[in-house]
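**Q** I'd like to ask some things about the structure below.
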Amino acid sequence: MGRLVDGKWIESSLITSDEEGSFKRQPRTFLDTIAADHSRFQVESGRYHLYVSYACPWAHRTLIFRSLKELENHISVSVVHPDMMEQGWSFASNFPGATGDELHGFDQLFEVYQKAQRDVSTSVTVPILWDKKLDTIVNNESSQIIRIFNSAFNELTGNSVDFYPEALRSEIDSWNEEIYECVNNGVYRSGFAQSQSAHEHAVNELFRALDKIDRHLSRHSYLVGNQLTEADLRLIPTLLRFDVVYVTHFKANRKRIKDYTHISEYLRRLYKIPAIHQTTHFDHIKRHYYYSHESINPQRIIPVGPDSIF
Ligand SMILES: N[C@@H](CCC(=O)N[C@@H](CS)C(=O)NCC(=O)O)C(=O)O
């Protein structure tokens, strides 16, 4: 694990914390967009590429949107190996589903960042939205990549399904904010906490949010309105990893998702959507977390269960 400093790979801990021992996430570096009238990144079929890990919940959202928005024939994908070791994410292809780097033949993901900007200082994360024409990164923040996918290519694909409709935006934003802080990032804050109090704080917030979501879903089929929106699609990747990884590996064990009647019914229902189940790879998910985080699982032993999350 490490990061790029002035374009050089420096080994360092993945876990960055503040003085109270709470996990602090690093900000993203490339935050541009794609639009028909953009000065650099115009809408074109075949021009853009996604670098993902099947294990990563943030990358998972981008794969779900790529599929729901019928972008598979327009945006190509490379999948990293699930093990994230001293050199960070790698393009080793000796794991089913890992593709290697078909664009540049690189060995490590950090080389993609170096190619985009020789002297870049950044953490080296997936997902990355890459521009093959200008040989650079458009964006490496999943919440922005899914917005690009939601609307930028509509004319090209003819798919105008809107997962962030104008009328529902403030409600979606409000769920997104709470779910990001307490759930999506909350599980990492639980698992990467460097003190007892930081861990307990994160776990309490996480389960308070899940209790609230369960109550909401006892009366509604979706988080917002009566339709699938971005808010659901940002929650689902975390729910899918919860009983398999976060309960044990991140010690988020007050309850399993299985113990929440309404959340588990919702998860079972949404998992039937092809864009969701076809982009879920439990082998990558289990292998990545248990194998890569040496400081919290030094023997790298991968649990056998659970037999099923449904
Ligand atoms: N906020 C970012 C987070 C991405 C992220 O943290 N990805 C993880 C994998 S789950 C990663 O690549 N971590 C490597 C690192 O931080 O060095 C996003 O949503 O795109």
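**Q** Can you find even one residue in the stretch 252-265 that is under 22 Å from the mean Cα position of the chain (by Cα), touching a residue at least 60 places away in the same chain (Cβ under 8 Å) and surrounded by 19 or more Cβ atoms within 10 Å (Cβ to Cβ)? Please lay out each step first, then the result.
**A** Taking the stretch 252-265 as the starting set, the residues that turn out to be under 22 Å from the mean Cα position of the chain (by Cα) are 252-253, 256-258, 263-264.
Going one step further and asking which of them are touching a residue at least 60 places away in the same chain (Cβ under 8 Å), we end up with 252.
Still in the running and surrounded by 19 or more Cβ atoms within 10 Å (Cβ to Cβ): 252.
So far as the stretch 252-265 goes, yes, one or more of its residues are under 22 Å from the mean Cα position of the chain (by Cα), touching a residue at least 60 places away in the same chain (Cβ under 8 Å) and surrounded by 19 or more Cβ atoms within 10 Å (Cβ to Cβ).
**Q** Looking for whichever is in contact with a helix residue (DSSP H, G or I) (Cβ under 8 Å, 6 or more places away or on another chain) and in a helix (DSSP H, G or I) here; the options are I302, I296, I263, I309. Which one fits?
**A** Numbers: I302 fails: in a helix (DSSP H, G or I); I296 fails: in a helix (DSSP H, G or I); I309 fails: in a helix (DSSP H, G or I).
Selected residue: I263, the only one of I302, I296, I263, I309 that is in contact with a helix residue (DSSP H, G or I) (Cβ under 8 Å, 6 or more places away or on another chain) and in a helix (DSSP H, G or I).
**Q** For the stretch 267-279, does any single residue satisfy the condition of being within 16 Å of the chain's Cα centre (by Cα), part of a loop (DSSP other than H, G, I, E, B) and either outside the structural domain of S90 (by TED's automatic domain parsing) or not hydroxyl-bearing (S, T, Y) (or both)? Full working, then the answer.
**A** First pass over the stretch 267-279, keeping only residues within 16 Å of the chain's Cα centre (by Cα): 275-279.
Next, from what is left, pick out any that are part of a loop (DSSP other than H, G, I, E, B): 278-279.
Subset that is either outside the structural domain of S90 (by TED's automatic domain parsing) or not hydroxyl-bearing (S, T, Y) (or both): 278-279.
Within the stretch 267-279, one or more residues are within 16 Å of the chain's Cα centre (by Cα), part of a loop (DSSP other than H, G, I, E, B) and either outside the structural domain of S90 (by TED's automatic domain parsing) or not hydroxyl-bearing (S, T, Y) (or both).
**Q** Going by the conditions given, is S78 out of contact with any strand residue (DSSP E or B) (no Cβ under 8 Å at 6 or more places or on another chain), small (G, A, S) and within 16 Å of the ligand (Cβ to nearest atom)? Can you show your working first?
**A** Values: out of contact with any strand residue (DSSP E or B) (no Cβ under 8 Å at 6 or more places or on another chain): no; small (G, A, S): yes; within 16 Å of the ligand (Cβ to nearest atom): yes.
Spelling it out, it is not the case that S78 is out of contact with any strand residue (DSSP E or B) (no Cβ under 8 Å at 6 or more places or on another chain), small (G, A, S) and within 16 Å of the ligand (Cβ to nearest atom).
**Q** I276: more than 22 Å from S90 (Cα to Cα), more than 16 Å from the ligand (Cβ to nearest atom) and in contact (Cβ under 8 Å) with a residue 40 or more places away in the chain, yes or no?
**A** Numbers: more than 22 Å from S90 (Cα to Cα): yes; more than 16 Å from the ligand (Cβ to nearest atom): yes; in contact (Cβ under 8 Å) with a residue 40 or more places away in the chain: yes.
Here the answer is yes, as I276 does meet what is asked.
**Q** From the residues in the stretch 1-18 that are of a type in the set (G, A, S) and away from the ligand (no atom under 13 Å from the Cβ), which one is nearest to G88 (Cα to Cα)?
**A** First, the residues of the stretch 1-18 that are of a type in the set (G, A, S): 2, 7, 12-13, 17.
Then keep just the ones that are away from the ligand (no atom under 13 Å from the Cβ); that gives 7, 17.
Working: G7: 14, S17: 19 Å.
My answer is G7.
**Q** Here's another thing I want to ask about it. Please state which of the following conditions D101 fails to meet, knowing it meets all the rest: (1) within 16 Å of the ligand (Cβ to nearest atom); (2) assigned to a loop (DSSP other than H, G, I, E, B); (3) touching a residue at least 60 places away in the same chain (Cβ under 8 Å); (4) under 21 Å from the mean Cα position of the chain (by Cα).
**A** (3)
**Q** Scan the stretch 153-161 and give yes if some residue there is closer than 19 Å to F41 by Cβ and outside any helix (DSSP H, G or I), otherwise no.
**A** If we filter the stretch 153-161 for residues that are closer than 19 Å to F41 by Cβ, which is where we start, we get 153-157.
After this cut, where a residue has to be outside any helix (DSSP H, G or I) as well, the list is 153.
Yes - at least one qualifying residue is present in the stretch 153-161.
**Q** Of everything in the stretch 135-146, what is of a type in the set (D, E, K, R) and either within 12 Å of the ligand (Cβ to nearest atom) or part of a strand (DSSP E or B) (or both)? Give them in sequence order.
**A** Filtering the stretch 135-146 for residues of a type in the set (D, E, K, R) gives 135, 141.
Of everything in the stretch 135-146, just one residue is of a type in the set (D, E, K, R) and either within 12 Å of the ligand (Cβ to nearest atom) or part of a strand (DSSP E or B) (or both), namely E141.
**Q** Return yes when P96 is within 11 Å of the ligand (Cβ to nearest atom), more than 14 Å from N139 (Cβ to Cβ) and out of contact with any strand residue (DSSP E or B) (no Cβ under 7 Å at 6 or more places or on another chain) and no when it is not.
**A** Values: within 11 Å of the ligand (Cβ to nearest atom): no; more than 14 Å from N139 (Cβ to Cβ): yes; out of contact with any strand residue (DSSP E or B) (no Cβ under 7 Å at 6 or more places or on another chain): yes.
So P96 does not fit the description; no.
The values are calculated or read from the model by the stated rules, or taken from the named source; none is laboratory data. Computed from a prediction, not measured in an experiment: that's the story for all the values here. Don't worry about glycine lacking a Cβ; one is built from the backbone with ideal geometry, like all the others, and counts go over all protein chains shown.
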